[in-house]
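Reading through the structure tokens given below for one structure.
The values are calculated or read from the model by the stated rules, or taken from the named source; none is laboratory data. Because the structure is predicted, anything quoted here is derived from the model rather than measured. Cβ coordinates were reconstructed from backbone atoms using ideal geometry, including for glycine residues, and neighbour counts include every protein chain displayed. With ligands, DNA and RNA removed, areas are computed over all heavy atoms of the protein, side chains included. Shrake-Rupley method; radii C 1.70, N 1.55, O 1.52, S 1.80 Å.
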Amino acid sequence: MAVNLRGVTTVLLPGTGSDDDFVYRAFAPALHEVGAAVVTPSPQPHRLIDGYRDELDNIARAVRPEPIAVGGVSIGAAVATEWALAHPGGVIAVLAALPAWTGEPDAAPAALAARYSAQLLRRDGLVSATTQMQATSPRWLADELARSWLPQWPALPDAMDEAAHYVAPTTGQLEGLTVPLGVVSATDDSVHPVEVGVEWVSAAPRSSLRTVTLDEIGADPSVLGRQCLAALHEAEDPARRRFRG
């Protein structure tokens, strides 16, 4: 039976350097269509991971005994999945967009990029680092990050370093995920490789993967939420479970 999110409080966490504005635009349109109550906490760059965990704890406590749905983008998706694994009775579904790595970050492109950005910000300052980022990123992504980096300064480098050392759920842990997991990866995203999405759904027993492109996200961020929901519904039916675009 497909998971029903009508009336379910659904908490979405932003990626590193991103913010609640983007994650809301990415997920809210699709979730509102199915009647979910969308909550997108603001990142706390001085305590990024613990801030996300505390927000999940507080929101779950506020709606208890009703379960919540959780998810997010990149590091937000990983922390949400970690929380779901730790609270199996309190979660109804997980929506994971652009997971960046599994287990230890090691040489994961997203972790390397976060470390480099942190170094650049500390060395050159926000204005110069933002200009350099804009020169090497897709226009839509550069615009998003130029907007979201500013209010997180000067703690932004600390948040990036913290994210770069975060240990995401392992394949062994994902094998124990009891709720459905909908994953979306971008086929042309070298920072969040599609192989990571495949690894997550290969491990999680009730999961499915949809794919998009960076241009599609740039044209309409809500494609992430729509494809996450589509993957979530496929995850509930073993006959439809797939790695598809």
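Considering only alpha-carbon pairs that sit under 8 angstrom and 6 or more positions apart, the relative contact order computed for region 1-117 is 27 percent. Given their separation in residues at 0.36 nm each and the Cα-Cα distance between them, T170 and R47 gain 42.0 nm when the chain is fully extended. Rg/Rh, computed from the Cα trace of the chain with Rh as the Kirkwood radius, has the value 0.95. Temperature 20 °C, viscosity 1.002 mPa s: under these conditions the Stokes-Einstein estimate for region 25-92, based on its Kirkwood radius over C-alpha pairs, is 171 µm² per second.
Here the calculated FRET efficiency for R64 and A135, from their Cβ-Cβ distance with R0 = 51 Å, stands at 0.60, rounded to the nearest 0.05.
Remark on region 103-245: ratio of C-alpha radius of gyration to 2.2 N^0.38 Å is 1.16. Taking Cα centre as origin and charging only the Cβ of basic (Lys, Arg, +1) and acidic (Asp, Glu, -1) residues, the dipole magnitude of the chain rounds to 340 debye.
Here the contact order of the chain, divided by its residue count and restricted to Cα pairs under 8 Å and six or more residues apart, works out to 23 percent. For region 99-201, GluC sites (Glu not before Pro) are listed when DSSP marks them as loop and at most 16 other Cβ atoms sit within 10 Å of their Cβ; the list is E175.
Relative contact order, whole percent, for region 80-173 stands at 44, derived from Cα pairs under 8 Å and 6 or more residues apart.
Convex hull volume of the Cα atoms of region 21-142, normalised per residue: 122 Å³.
Computing the accessible area with a 1.4 Å probe over protein heavy atoms, can you report the carbon and sulfur percentage for the chain? Answer for the chain is 54 percent, counting heavy atoms of protein chains only. In the context of the full set of protein chains, residues of region 88-245 present 43 Å² of accessible surface per residue (probe radius 1.4 Å, heavy atoms only). With all protein chains in place and ligands, DNA and RNA left out, the 1.4 Å accessible area ranks D215, D21 as D215, D21, largest first.
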